[in-house]
């Protein structure tokens, strides 16, 4: 992401004053954001889910539980050893997966194993709302996993206000996901539940992400800040001098 270099060295107040003028913010291209965010989702969610289902059908519940947890712990450990940034979504999902695995091993119940991530939708919605009065909303920190902003830009009053408002949208998304998956869990088989709930959840999340991006663009435009996808174009080079006759 490219923002005019002068913003990087300014305080939040100076940045707000400077950005009240016309400024163009260049985000990564949509494809790049999808690949970057998709990589985190695959690593933290889809792979553990697939491992669980495959091992569940081949070995049994215990094998599925251990396989899913082992992947997440390995992914987390690899980043710690290599001293790479650990995505907030990976920390969140691994912590919740540990609790789910303990519950699954103790009770031996697939229903209870999937009930916990279903209920965690309501927990995440609560965290989103509870973080609103305290500085930077939790949603803004999660957004850094997909498109990190410079600190000076993320502290701009309009940006902070946007993340507080859009947190309400995402709280509604997680409540909707929680209620829907809870209903499907009670009615469907494990295989049908995994297929329908995963497809439905990602569809709702994808729609909410598009709405959030358009909302973000409109909110910044009200401050004279233009949001563009893709790298900034190189400055036009000076025309070559005309040949002397």
Name the pairs: first residue in segment 95-111 and assigned to a loop (DSSP other than H, G, I, E, B), second residue surrounded by 13 or more Cβ atoms within 10 Å (Cβ to Cβ), Cβ to Cβ under 9 Å, at least 6 apart or on different chains?
108/61; 108/62; 109/61; 109/103; 109/115
Is one or more of the residues making up segment 142-154 at pLDDT 85 or above, surrounded by fewer than 20 Cβ atoms within 10 Å (Cβ to Cβ) and in a helix (DSSP H, G or I)?
no
Picking from 82, 76, which residue would you name as being farther than 15 Å from residue 105 by Cα, within 18 Å of the chain's Cα centre (by Cα), without any contact (Cβ under 8 Å) to a residue 24 or more places away in the chain and not assigned by TED's automatic domain parsing to the domain that holds residue 190?
76
Restricting attention to segment 159-175, which residues are more than 23 Å from residue 198 (Cα to Cα) and out of contact with any helix residue (DSSP H, G or I) (no Cβ under 6 Å at 6 or more places or on another chain)?
159, 160, 161, 164, 165
Scan (1) surrounded by 17 or more Cβ atoms within 10 Å (Cβ to Cβ); (2) within 14 Å of the chain's Cα centre (by Cα) for the single condition residue 207 breaks and write down its number.
(1)
Working only within segment 184-196, note down all residues that are more than 25 Å from the chain's Cα centre (by Cα), farther than 16 Å from residue 54 by Cβ and assigned to a helix (DSSP H, G or I).
186, 187, 192
So residue 177 passes all but one of these: (1) crowded, with 17+ Cβ neighbours inside 10 Å; (2) over 15 Å from the mean Cα position of the chain (by Cα); (3) modelled with pLDDT under 80; (4) under 21 Å from residue 87 (Cβ atoms). Which condition number does it fail?
(3)
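The values are calculated or read from the model by the stated rules, or taken from the named source; none is laboratory data. What you see is a predicted model; the values in this text were computed from it and never measured. Glycine also receives a Cβ, built like all others from the backbone with ideal geometry; neighbour counts cover every protein chain displayed.
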